[in-house]
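To start, I am sharing the structure in question, which I have written as structure tokens.
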Amino acid sequence: MLLDSLKDFHWYNEPANVRFVENGMMLDTEAETDFWQNITYNIHRDNGHFFYTEKQGDFCLTVKWHFDDAIASDQCGLMIRLDSLNWGKISLLSTDMRKLEVGTVITNRGFSDWSNWPLSELPSELWFRVVRKGNDFALYLSLDGISFVRTRMFYFPQAESTIKVGAYACSPQKRSFRCILEDVY
């Protein structure tokens, strides 16, 4: 049951409109929220919504998101976080919703990069997974919750034994985005 799996979770930048519904935890992102640091656009945002737990040592965590009306830049996915200058995320993340993509962003020492994974169809739900082994991390994507494809591997030399990991959502544009966190395991 979703509620049981969320008992040790906490909010970083809790959205004003979050509630439990029949199929999960529904939230409306606040407009102009994001997690992005420095490069290219000279933007420093750390105001996205992050629902996390703390994990020690090696772990695997999967989240399932449902969404219906995403537009360009709306995001819902999974994040690992050391602090505001060191984190990674994988999510629905497209600059043009006619060309839907999943994006991964790794921010290391205050510098964000961005890589994209194209999708051939417009799904209404996605599963994201992170696996940690030591200071190595791998991010995965699934369209069905069964078959996962690794989209990114990265190394955090400064990763401590305890790290924050969980679901995140944000809307860098000037509108809100509704999404439902359906599962965490």
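If you go through the range 103-139 one residue at a time, how many are within 22 Å of Ser161 (Cα to Cα), open to solvent by 40 Å² or more (accessible area, probe 1.4 Å) and free of Cβ contacts under 8 Å to residues at least 24 places away in the same chain?
1
Still on this structure, please answer the following. Of all the strands (runs of 3 or more DSSP E) wholly in the range 6-50, which have at least 2 residues that are open to solvent by 60 Å² or more (accessible area, probe 1.4 Å)?
Answer list for the range 6-50: 10-12, 17-21, 44-46.
Would you call Lys164 within 16 Å of the chain's Cα centre (by Cα), touching a residue at least 12 places away in the same chain (Cβ under 8 Å) and open to solvent by less than 40 Å² (accessible area, probe 1.4 Å)?
Against the criterion (within 16 Å of the chain's Cα centre (by Cα), touching a residue at least 12 places away in the same chain (Cβ under 8 Å) and open to solvent by less than 40 Å² (accessible area, probe 1.4 Å)), Lys164 does not qualify.
Considering only the range 67-88, state which residues are of a type outside the set (A, V, I, L, M) and either buried (at least 18 other Cβ atoms within 10 Å of the Cβ) or under 11 Å from Lys164 (Cβ atoms) (or both).
Phe67, Ser73, Asp74, Gln75, Cys76, Gly77, Arg81, Asp83, Asn86, Trp87, Gly88
Another one. Filter the range 87-104 down to the residues that are modelled with pLDDT of 90 or more and either closer than 22 Å to Arg178 by Cβ or over 14 Å from the mean Cα position of the chain (by Cα) (or both) and list them by number.
Lys89, Ile90, Ser91, Val102, Gly103
Separate question: Does the range 93-100 include one or more residues that are in a strand (DSSP E or B) and not basic (Lys, Arg)? Show your work before the answer.
Applying the first criterion (in a strand (DSSP E or B)) to the range 93-100 yields none.
Taking every residue of the range 93-100 in turn, none turns out to be in a strand (DSSP E or B) and not basic (Lys, Arg).
Return the pair list, or none, for Cβ contacts closer than 6 Å from residues in the range 168-182 that are aromatic (Phe, Trp, Tyr) and surrounded by 24 or more Cβ atoms within 10 Å (Cβ to Cβ) to residues that are in a strand (DSSP E or B) and at pLDDT 95 or above, at least 6 apart or on different chains.
That search, which allows pairs on different chains as well, returns Tyr168/Phe50; Tyr168/Met79.
The values are calculated or read from the model by the stated rules, or taken from the named source; none is laboratory data. Bear in mind that the values here come from a model prediction, so they are computed numbers and not experimental data. With ideal geometry, Cβ positions are generated from the backbone for all residues, glycine too; neighbour counts draw on all protein chains shown. Ligands, DNA and RNA are stripped out before the accessible areas are found, and what is left, the full protein with its side chains, is counted by its heavy atoms. Shrake-Rupley method; radii C 1.70, N 1.55, O 1.52, S 1.80 Å.
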